[in-house]
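The values are calculated or read from the model by the stated rules, or taken from the named source; none is laboratory data. Quick caveat, the model's predicted, so the values are computed rather than measured. Glycine gets a Cβ as well: all are built from the backbone with ideal geometry, and neighbour counts include every protein chain shown.
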């Protein structure tokens with residue numbers, strides 16, 4: 001496979017992004033509102049993330065023609081954007097909070113790769129660590145039901161991605177945070193990224209990805225958490241429960257205690273019930289924003305993570321970090337896909353102001369507030 005690296009002589013040092021995201025394979029999301037009958041026909045459980053091959057991906061995309069729900073609030077019931085948990089978080093931090101961000105990974109020399117690059121660069125994300133390779137860019141179908149619940153079916157098997165031996169200290173030097181998503185299929189590159197990040201003095205954030213990923217690959221996940229190299233861990237309620245499956249008590253509170261033993265900050269999101277966080281001996285519970293209209297849950301956890309990280313880099317209290325996360329997570333679920341619209345950023349700023357939180361001064365969209 002031929003490799004062409006995108007280079008930038010000033011990618012390290014003072015100009016390095018404050019927050020870096022590691023997404024080994026660039027990913028293009030095909031988001032669609034669909035009826036329940038389609039969800040019953042595809043492999044894997046509804047509500048989670050289950051990998052499929054290219055034939056199954058094409059089959060699902062073809063089925064969208066007859067299973068897409070009509071839409072009244074959007075121009076289209078389908079949307080194609082740069083995707084992936086880490087990309088959603090990084091894009092949100094850059095677009096809504098004005099934080100300098102970059103992404104480490106690889107994209108293919110195809111239409112999907114070009115769309116990923118165009119979308120991320122339009123929000124000012126630093127792409128100097130994103131390698132261009134000969135091959136296909138990963139894709140994912142995000143199926144959203146009538147209640148706003150999302151089911152992910154990624155196709156990653158033949159996609160290009162950055163390899164562990166391609167990572168260098170220059171990728172990380174000068175940055176403060178590394179944001180990652182757990183994946184058993186990328187363990188080698190995850191471990192190498194953590195090793196270099198720690199050597200360069202970065203803090204590391206890990207999202208537990210999905211209850212299916214935790215269930216199937218729990219042992220290497222526990223080893224990663226127990227390494228002491230993960231500073232901040234995000235889990236939703238289902239992932240938290242899976243993490244302790246088989247234990248005498250396996251619930252979000254018990255998972256929070258477990259994660260708190262190994263991470264400086266442990267965060268468990270509880271959907272409409274808000275979130276619980278542990279930092280050292282402090283436990284904080286913050287409710288969700290009741291006014292958030294759930295059109296599509298895609299990206300809710302990713303944007304919550306972005307808001308929480310924004311709070312950390314700004315030196316906010318744990319409770320304030322949670323409140324910012326609740327506002328940003330509430331903003332993204334108001335429309336289709338993991339990309340927040342300008343009007344929904346304004347919705348977020350309004351709710352931040354209501355909660356006594358400072359509006360990001362460097363955000364290009366916050367001038368009205």
*In the stretch 189-209, how many residues are assigned to a loop (DSSP other than H, G, I, E, B), modelled with pLDDT of 95 or more and crowded, with 19+ Cβ neighbours inside 10 Å?*
2
*State whether the residues of the stretch 309-319 include one that is touching a strand residue (DSSP E or B) at 6+ places or on another chain (Cβ under 7 Å), surrounded by 23 or more Cβ atoms within 10 Å (Cβ to Cβ) and on the phi > 0 side of the Ramachandran plot.*
no
*Is it the case that some residue within the stretch 259-270 is modelled with pLDDT of 95 or more, surrounded by 18 or more Cβ atoms within 10 Å (Cβ to Cβ) and assigned to a helix (DSSP H, G or I)?*
yes
*If we only count helices (runs of 4 or more DSSP H) wholly inside the stretch 37-144, which ones have 3 or more residues that are modelled with pLDDT of 95 or more and touching a strand residue (DSSP E or B) at 6+ places or on another chain (Cβ under 8 Å)?*
85-97, 111-121
*How many residues does the stretch 165-185 hold that are out of contact with any strand residue (DSSP E or B) (no Cβ under 6 Å at 6 or more places or on another chain), under 19 Å from residue 85 (Cα atoms) and not in a loop (DSSP other than H, G, I, E, B)?*
2
_Conditions first: (1) touching a residue at least 60 places away in the same chain (Cβ under 8 Å); (2) over 20 Å from residue 185 (Cβ atoms); (3) assigned to a loop (DSSP other than H, G, I, E, B). Residue 162 passes all but one, so which condition is the exception?_
(2)
*In the stretch 17-27, is there at least one residue being more than 23 Å from the chain's Cα centre (by Cα) and either modelled with pLDDT under 90 or crowded, with 16+ Cβ neighbours inside 10 Å (or both)?*
no
_Can you tell me which condition residue 112 does not meet? The list is (1) closer than 26 Å to residue 304 by Cα; (2) under 20 Å from the mean Cα position of the chain (by Cα), and all the others hold._
(1)
*Determine which single condition residue 234 fails, assuming it passes every other condition in (1) closer than 23 Å to residue 280 by Cα; (2) part of a loop (DSSP other than H, G, I, E, B); (3) touching a strand residue (DSSP E or B) at 6+ places or on another chain (Cβ under 8 Å).*
(2)
*With respect to residue 249, determine if the residue is touching a strand residue (DSSP E or B) at 6+ places or on another chain (Cβ under 8 Å) and outside any strand (DSSP E or B).*
no
